[in-house]
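Here is the structure we will look at.
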Amino acid sequence: MKVSLWLLLGLAALLGACTPGGVAPTSPPSSTQPQVAVTFFDVGESGDGILVATWEEKYMLIDGGRRNSGVVGALQALQVPRIDVLVATNPDADHIGGLIDVLKTVPVGEVWLSGDTNTTITFEDFLDAVSASQAEVHAARQEDVIRLGSLSAQVVNPSEPLFQSRNDNSVALRLEFGQVSFLFTGDMEAKAEGRLVQSGVNLRATILKLGHHGSRTSTSAPFLAAVQPEVAVYQAGADNRYGHPHPETLALLAAAGVPVYGTGRNGVIVITTDGAGYRIETER
Ligand SMILES: [Zn+2]
């Protein structure tokens with residue numbers, strides 16, 4: 001089956017979205033025209049689920065929300081035939097739950113993990129699904145490079161020695177495409193952020209996926225100053241029981257003049273880029 005990147009690029013239109021600051025594409029882009037679409041799924045409650053789709057029809061899935069997140073259905077609706085790279089940023093249910101069914105229904109090339117563990121049935125089921133999938137498994141460490149066709153993502157976190165906290169050991173990736181870059185942070189919190197700032201690793205990014213669903217325990221001021229994002233995105237369901245995103249985080253971003261998009265408020269968020277500029281489309 002021919003995969004249509006256009007389906008992804010037009011996802012917002014597909015969902016009957018309004019399109020602030022742009023018009024949904026009406027014709028498929030040429031396959032020779034490099035474009036990347038990053039979709040932040042609305043996986044409900046607190047949870048992450050992000051699809052990176054490239055013009056070369058390469059796909060990276062970063063987290064899958066909880067077991068009933070609907071990510072498998074979304075991938076099917078988008079006619080995604082395989083996941084070349086699957087990243088589980090941390091072993092908590094709101095990141096790996098939905099990946100279990102992905103691993104059972106979609107061919108997966110590589111799996112990248114933090115290497116940290118959990119004691120839950122969900123984590124056991126996830127590991128079983130990873131091993132049954134026969135995907136190549138890697139523990140991500142700072143300076144590792146994850147290839148996605150012509151693109152590559154730099155692992156910025158974790159580094160040795162690991163922290164006590166599963167959140168701080170989250171896999172964080174910096175994906176650069178031309179002049180536009182994304183920093184995906186999982187549930188990384190202030191401790192790991194501090195180590196990253198100290199390490200001098202390149203954190204600058206056009207788009208920052210806020211750590212830990214916009215919690216006040218992430219996005220510390222020095223980290224935000226190092227990233228200098230133009231746009232921030234959080235993933236947390238509307239009226240979630242954790243109060244994500246926290247007002248302190250939103251206030252910090254407002255003071256820095258960074259506009260914030262979130263799945264709780266905006267539904268599905270799709271950011272498309274040709275490496276020079278970018279466009280943000282939202283479900284609502
Ligand atoms: Zn989480």
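The values are calculated or read from the model by the stated rules, or taken from the named source; none is laboratory data. Remember, it's a predicted structure, so these values are computed and weren't measured experimentally. Every residue, glycine as well, gets a Cβ built from its backbone with ideal geometry; the counts of neighbours run over all protein chains shown. Only protein heavy atoms, including side chains, enter the accessible area calculation; ligands, DNA and RNA are left aside. Shrake-Rupley method; radii C 1.70, N 1.55, O 1.52, S 1.80 Å.
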Check whether at least one residue in the range 95-115 is farther than 30 Å from TRP55 by Cβ and surrounded by fewer than 21 Cβ atoms within 10 Å (Cβ to Cβ), and report yes or no.
-> yes
If we keep just the residues of the range 51-81 that are among the β-branched types (Val, Ile, Thr) and surrounded by fewer than 24 Cβ atoms within 10 Å (Cβ to Cβ), which is nearest to the ligand (Cβ to nearest atom)?
-> VAL72
How many of the residues in the range 151-173 are within 15 Å of the ligand (Cβ to nearest atom) and among the acidic types (Asp, Glu)?
-> 1
Kindly state which strands (runs of 3 or more DSSP E) lie completely within the range 226-284 and contain at least 2 residues that are open to solvent by less than 10 Å² (accessible area, probe 1.4 Å) and more than 23 Å from ASN202 (Cα to Cα).
-> 269-273, 278-282
Given the conditions (1) at pLDDT below 95; (2) surrounded by fewer than 24 Cβ atoms within 10 Å (Cβ to Cβ); (3) part of a helix (DSSP H, G or I); (4) not basic (Lys, Arg), and given that VAL23 satisfies all but one, which numbered condition is not satisfied?
-> (3)
Does PHE182 meet the test of being touching a helix residue (DSSP H, G or I) at 6+ places or on another chain (Cβ under 9 Å), away from the ligand (no atom under 16 Å from the Cβ), among the aromatic types (Phe, Trp, Tyr) and modelled with pLDDT of 95 or more?
-> no
Only one of GLU176, GLU189 is acidic (Asp, Glu), more than 16 Å from the ligand (Cβ to nearest atom) and open to solvent by 20 Å² or more (accessible area, probe 1.4 Å); which?
-> GLU176
Selected residue (criterion: nearest to the chain's Cα centre (by Cα)) from residues of the range 66-107 that are acidic (Asp, Glu) and over 17 Å from GLU136 (Cβ atoms) | ASP94
The range 44-61 residues that are aromatic (Phe, Trp, Tyr), paired with ones that are assigned to a strand (DSSP E or B) and away from the ligand (no atom under 16 Å from the Cβ) (beta carbon under 6 Å, 6 or more apart) | TYR59/ALA53; TYR59/ILE83; TYR59/ASP84
Within the bounds of the range 38-47, is there any residue that is outside any strand (DSSP E or B), at pLDDT below 95, surrounded by fewer than 24 Cβ atoms within 10 Å (Cβ to Cβ) and within 16 Å of the ligand (Cβ to nearest atom)?
-> yes
Count - residues of the range 238-253 that are modelled with pLDDT under 95 and among the aliphatic types (A, V, I, L, M) | 1
Please specify each residue of the range 95-112 satisfying the condition of being within 17 Å of TYR59 (Cα to Cα), touching a residue at least 40 places away in the same chain (Cβ under 8 Å) and either within 16 Å of the ligand (Cβ to nearest atom) or not in a helix (DSSP H, G or I) (or both).
-> GLY98, TRP112
Among ASP92, ASP84, which is the only one that is within 16 Å of the ligand (Cβ to nearest atom) and open to solvent by 10 Å² or more (accessible area, probe 1.4 Å)?
-> ASP92
Identify, from the list VAL145, VAL197, VAL201, the residue that is open to solvent by 20 Å² or more (accessible area, probe 1.4 Å), aliphatic (A, V, I, L, M), out of contact with any strand residue (DSSP E or B) (no Cβ under 9 Å at 6 or more places or on another chain) and over 21 Å from GLY65 (Cβ atoms).
-> VAL197
